[in-house]
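Report on one structure; see the data block that follows.
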Amino acid sequence: MTVTWEELGWERVAEGVGRCRLPGWDCTAGLVLGPGAVLMVDAGSSLAEGARLRTEAQALAGRRVTHLALTHPHFDHVFGTPAFAGTDLYAAAGAEAVFAHDREALRLDAVHNGLPAPEAEEAADALPLPRRPVSGERALDLGGGRRALLADVGPGHTSHDLAVLVPGDPPVVFCGDLVEESGDPQAGPDAVPSRWPAALDRLLSLGGDDARYVPGHGAVVDAAFVRAQRDALAARFGVS
């Protein structure tokens, strides 16, 4: 028997689309339910968090998660990935190189930000490579007319930013950390500031004015918020 979004502490964003705000770093994990498949967006910051998300997603969907899309290669969004063994794993093209060669940097960043060292090491060691890189756009058929569009919209927050559009009324766009609501957008050493405003332009063209935009951290926002954040980033980084 399935349960409701509210019973598990999730937020319903649109019909068959929800998200969970995870404790600690206030990261978003998203879920898109289809009659034939189930898409998870991001996996949490540890194996334990990933296992929690997998269990709750299965309870909400009535079946296991079949697809997992990672919005960008930062520990707080990907370290739960090993809990989703057997799913089709998607990320923006090039992210697989980060997973293959920069695990130690991911582990160190996790520990620096407060994840216990044993949990960080366990997750980094078990992190699988995304076997379905997305270059441009890739449509997923979730059955019954439900579709999701994965779009490589970066670089911006990182060199490998993936957005997920779920068409509907309203459309929903999972933005990853290209958009943040609960604080200023974070530009770390792997950010590409000169390209970030253009990435937000692509997000807005995907979703349009009526979409609900789900940030990587914080509350769901509208197109006006994304547009204002785009303009603030352009001013901050001195780009148009």
Quick check on L70: is it surrounded by fewer than 16 Cβ atoms within 10 Å (Cβ to Cβ), farther than 20 Å from G9 by Cβ and at pLDDT 95 or above?
no
Please give the strands (runs of 3 or more DSSP E) falling wholly within segment 118-184 in which 2 or more residues are open to solvent by 10 Å² or more (accessible area, probe 1.4 Å) and more than 24 Å from L106 (Cα to Cα).
137-143, 146-152
Selection within segment 1-26 - among the small types (G, A, S) and surrounded by 21 or more Cβ atoms within 10 Å (Cβ to Cβ):
G18
I'd like to verify a number: residues in segment 58-70 that are more than 14 Å from R132 (Cβ to Cβ) and not basic (K, R), how many?
6
Only listed residue being open to solvent by less than 10 Å² (accessible area, probe 1.4 Å), free of Cβ contacts under 8 Å to residues at least 60 places away in the same chain and either of a type in the set (D, E) or in contact with a His (Cβ under 9 Å, 6 or more places away or on another chain) (or both), chosen from A57, A37, A29, A97:
A29
Quick one: what pairs do we get from segment 144-157, first residue closer than 20 Å to D169 by Cα, second small (G, A, S) and modelled with pLDDT of 95 or more, C-beta under 6 Å, 6+ apart or different chains?
R146/G34; R147/A139; L149/A139; L150/A69; A151/A163
Taking segment 73-83, which residues are in contact with a Leu (Cβ under 7 Å, 6 or more places away or on another chain) and open to solvent by 20 Å² or more (accessible area, probe 1.4 Å)?
P82
Would you check which residues across segment 100-117 are outside any helix (DSSP H, G or I) and open to solvent by less than 50 Å² (accessible area, probe 1.4 Å) and list them?
L115
Being touching a Lys or Arg at 6+ places or on another chain (Cβ under 9 Å) and open to solvent by less than 70 Å² (accessible area, probe 1.4 Å): is that true of L89 here?
yes
Restricting to segment 196-221, name every residue that is more than 17 Å from the chain's Cα centre (by Cα), assigned to a loop (DSSP other than H, G, I, E, B) and without any contact (Cβ under 8 Å) to a residue 40 or more places away in the chain.
G208, D209
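The values are calculated or read from the model by the stated rules, or taken from the named source; none is laboratory data. Keep in mind that what you see is a predicted model, and the values were worked out from it rather than measured. Backbone-built Cβ (ideal geometry, glycine too); neighbour counts: all protein chains shown. For accessibility, only protein heavy atoms count, side chains too; no ligands or nucleic acids. Shrake-Rupley method; radii C 1.70, N 1.55, O 1.52, S 1.80 Å.
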